[in-house]
């Protein structure tokens, strides 16, 4: 249940960020809005760490990746601003708790250089986190 709590707390935070963007969540139906920006949210799980022996404690690490998809031809500024907004909202040291599981952002989020992919200008934001599960 801890991975569910981690997903819920990270996704809930994203859903509250203003201004809101339409979001493609994992395994849900989504139609990209024509001519408008949107974002995709993914959880990329890393191998759990076992810092102690003889108990069921572990540290779950991962990356919460948000892929920003903006219309081409309008410049990079809006996508870059959104990337910076996400970096500030998921700042290093942020602690989020859900169902007794504390998820910590342990590094400053990475904001990629934008690039054209298909009909969209894409910026990827990677938010590294860990959660100690007891």
Mind checking whether some residue in the range 77-92 is closer than 22 Å to residue 130 by Cβ, in contact (Cβ under 8 Å) with a residue 60 or more places away in the chain and in contact with a strand residue (DSSP E or B) (Cβ under 8 Å, 6 or more places away or on another chain)? yes
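Modelled with pLDDT of 95 or more and touching a helix residue (DSSP H, G or I) at 6+ places or on another chain (Cβ under 8 Å): is that true of residue 81 in this structure?
Values: modelled with pLDDT of 95 or more: yes; touching a helix residue (DSSP H, G or I) at 6+ places or on another chain (Cβ under 8 Å): no.
No.
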What's the number of the only condition in (1) free of Cβ contacts under 8 Å to residues at least 60 places away in the same chain; (2) under 16 Å from residue 125 (Cα atoms) that residue 65 fails to meet? (1)
Checking the structure you have, find out if any residue of the range 28-42 is under 18 Å from residue 107 (Cα atoms), surrounded by 11 or more Cβ atoms within 10 Å (Cβ to Cβ) and touching a strand residue (DSSP E or B) at 6+ places or on another chain (Cβ under 8 Å). yes
When the range 88-101 is examined, which residues are found to be over 13 Å from residue 13 (Cβ atoms) and either buried (at least 16 other Cβ atoms within 10 Å of the Cβ) or modelled with pLDDT of 95 or more (or both)? 92, 93, 101
Looking only at the range 102-134, filter to residues that are modelled with pLDDT under 95 and over 25 Å from residue 19 (Cβ atoms); which one of those is surrounded by the most Cβ atoms within 10 Å (Cβ to Cβ)? 133
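The values are calculated or read from the model by the stated rules, or taken from the named source; none is laboratory data. Values in this document were obtained by computation on a predicted structure and should not be read as measured data. Don't worry about glycine lacking a Cβ; one is built from the backbone with ideal geometry, like all the others, and counts go over all protein chains shown.
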